[in-house]
């Protein structure tokens, strides 16, 4: 019996060391050397202070900023410790009620816009933490933001076009706009008058 148990324990300890410590440590070290910003979480700093990450969505609720898509992560949304989708199916009344509530909120915030609301302005992403919105969702918010910032809508439309990221590798996904970096660029270019 010990002839079988001792080699099994040795192999378990060896594999635990290799796959649980050595390999992750090596990959982490290589990534920190080759991709230091990404390995550190793609953090964004202002005045030496971390204000967010390019990879994690944040809730912008002030009307003078572009707003992200709804979040299902946590009770109030955008809780990184509760990252999850809602797992509600197309026949779910709870999902229908949430979408209806999101549509009412969107219409109340963007009263100048009367067209169809883009889907990502009404539905949460799979993680609930998606930092991106579609260019269409950004564009339908332009009237509200331009009015409150006292800038021309065309200037914000140009900023959205400038900040739009293309498809990954030219064919994966859809064009998108990172809400945090868009708001930071807008804050730099068109600061609110105090």
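The values are calculated or read from the model by the stated rules, or taken from the named source; none is laboratory data. Only a predicted model underlies this, so the values are computations on that prediction, with no experimental measurement involved. We place every Cβ from the backbone using ideal geometry, glycine too, and count neighbours over all the protein chains shown.
What about residue 102, is it in the same structural domain as residue 87 (by TED's automatic domain parsing), free of Cβ contacts under 8 Å to residues at least 60 places away in the same chain and in a loop (DSSP other than H, G, I, E, B)?
Working: in the same structural domain as residue 87 (by TED's automatic domain parsing): yes; free of Cβ contacts under 8 Å to residues at least 60 places away in the same chain: yes; in a loop (DSSP other than H, G, I, E, B): no.
No: the conditions fail for residue 102.
Among the residues of region 50-82, which ones are exposed (fewer than 13 other Cβ atoms within 10 Å of the Cβ), more than 30 Å from residue 147 (Cβ to Cβ) and out of contact with any strand residue (DSSP E or B) (no Cβ under 9 Å at 6 or more places or on another chain)? It would help to see each step written out before you state the result.
So the first thing to find is which residues in region 50-82 are exposed (fewer than 13 other Cβ atoms within 10 Å of the Cβ), and the list is 50-51, 61-62, 75-76, 81.
Retained after the next criterion (residues that are more than 30 Å from residue 147 (Cβ to Cβ)): 50, 75, 81.
The answer is 75, 81.
Let's see how each residue does on (1) touching a helix residue (DSSP H, G or I) at 6+ places or on another chain (Cβ under 7 Å); (2) closer than 24 Å to residue 79 by Cα; (3) at pLDDT below 90; (4) in the same structural domain as residue 79 (by TED's automatic domain parsing):
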site	(1), (2), (3), (4)
116	no, no, no, yes
119	no, yes, no, yes
136	no, no, no, yes
152	yes, no, no, yes
159	yes, no, no, yes
179	no, yes, no, yes
183	no, yes, no, yes
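In a loop (DSSP other than H, G, I, E, B), under 17 Å from the mean Cα position of the chain (by Cα) and either within 21 Å of residue 80 (Cβ to Cβ) or touching a residue at least 12 places away in the same chain (Cβ under 8 Å) (or both) - does that describe any residue in region 22-40? Don't jump to the end; show me each part of the working.
Restricting attention to region 22-40, the residues satisfying the condition of being in a loop (DSSP other than H, G, I, E, B) are 35, 40.
Within this subset, residues satisfying the condition of being under 17 Å from the mean Cα position of the chain (by Cα) are 40.
Subsequent filtering for residues that are either within 21 Å of residue 80 (Cβ to Cβ) or touching a residue at least 12 places away in the same chain (Cβ under 8 Å) (or both) retains 40.
Yes: region 22-40 contains one or more residues that are in a loop (DSSP other than H, G, I, E, B), under 17 Å from the mean Cα position of the chain (by Cα) and either within 21 Å of residue 80 (Cβ to Cβ) or touching a residue at least 12 places away in the same chain (Cβ under 8 Å) (or both).
In region 128-173, which helices (runs of 4 or more DSSP H) lie fully inside it and hold 2 or more residues that are loosely packed, with under 12 Cβ neighbours inside 10 Å?
Numbers: elements: 135-139, 142-149, 153-163.
In region 128-173, 153-163 are the helices (runs of 4 or more DSSP H) which contain 2 or more residues that are loosely packed, with under 12 Cβ neighbours inside 10 Å.
Name, by its number, the condition in (1) at pLDDT 90 or above; (2) touching a helix residue (DSSP H, G or I) at 6+ places or on another chain (Cβ under 7 Å); (3) more than 22 Å from residue 164 (Cα to Cα) that does not hold for residue 110.
(3)
Only one residue in 94, 105, 194 is closer than 20 Å to residue 78 by Cα, exposed (fewer than 15 other Cβ atoms within 10 Å of the Cβ) and modelled with pLDDT under 90, so which one is that? Lay out the reasoning, then the answer.
Values: 105 fails: modelled with pLDDT under 90; 194 fails: closer than 20 Å to residue 78 by Cα.
Going through 94, 105, 194 in turn, the sole match is 94.
If I ask for residues that are more than 26 Å from residue 114 (Cβ to Cβ), more than 16 Å from the chain's Cα centre (by Cα) and part of a helix (DSSP H, G or I), which ones from region 174-194 would you list? Working first, answer last.
Our first condition is that a residue be more than 26 Å from residue 114 (Cβ to Cβ); within region 174-194, this holds for 178, 180-181, 184-185, 187-189, 191-194.
In the following step, the residues that additionally are more than 16 Å from the chain's Cα centre (by Cα) were identified as 185, 187-189, 191-194.
If the condition is that a residue be more than 26 Å from residue 114 (Cβ to Cβ), more than 16 Å from the chain's Cα centre (by Cα) and part of a helix (DSSP H, G or I), then 185, 187, 188, 189 are the ones that fit.
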